[in-house]
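K.L.:
Have a look at this one.
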Amino acid sequence: MAYEIGYRRPPTSGRFKSGTSGNSKGRPKGAHNFMTLLDKELAQHIVVTENGRKTRVTRLQAMIKRLVAGALQGEQKALLTLVEILRRAGGFEPAAVNDLLPANYAAILDAYVDARRKTVAQGPEPESPEGEKS
């Protein structure tokens, strides 16, 4: 032999031939990936009772109904999950700060600051001793 066979030095007969793929057959036709199988499972219909009536809905619709119902009942996890789904899907448009403030917010803020300055300038109000009634 011209070279030593060992770790990271396979014999020439065991190497891949140049120009040939290591996976010549590839993925077989009809093999499904995870998302295809998940879509197929979530598209199956089930029977649910809603308002005393039995209705056929897909599993995905049933999951969404349950998530929304949980959020409406005050379940914290369901509410946070629903808000995150809506945020990622673009259901929530970020509101501009100016849209959240009233039109005369500067006047309101100035009036509040003036009122606070007056109360600070007057000093603390005298407190009546406990137990005395006036």
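K.L.:
Residue check, Ile46 against (1) surrounded by 10 or more Cβ atoms within 10 Å (Cβ to Cβ); (2) modelled with pLDDT under 95, all met but one. Which one?
P.N.:
Ile46 satisfies all of (1) surrounded by 10 or more Cβ atoms within 10 Å (Cβ to Cβ); (2) modelled with pLDDT under 95 except (2).
K.L.:
Scan the stretch 1-43 for residues that are of a type in the set (Gly, Ala, Ser) and more than 48 Å from the chain's Cα centre (by Cα) and jot them down.
P.N.:
Keep residues of the stretch 1-43 that are of a type in the set (Gly, Ala, Ser), which gives 2, 6, 13-14, 18-19, 21-22, 24, 26, 30-31, 43.
Across the stretch 1-43, the qualifying residues are Ala2, Gly6, Ser13, Gly14.
The values are calculated or read from the model by the stated rules, or taken from the named source; none is laboratory data. The model shown is predicted, which means the values in this text are computed figures rather than measured ones. Glycine gets a Cβ as well: all are built from the backbone with ideal geometry, and neighbour counts include every protein chain shown.
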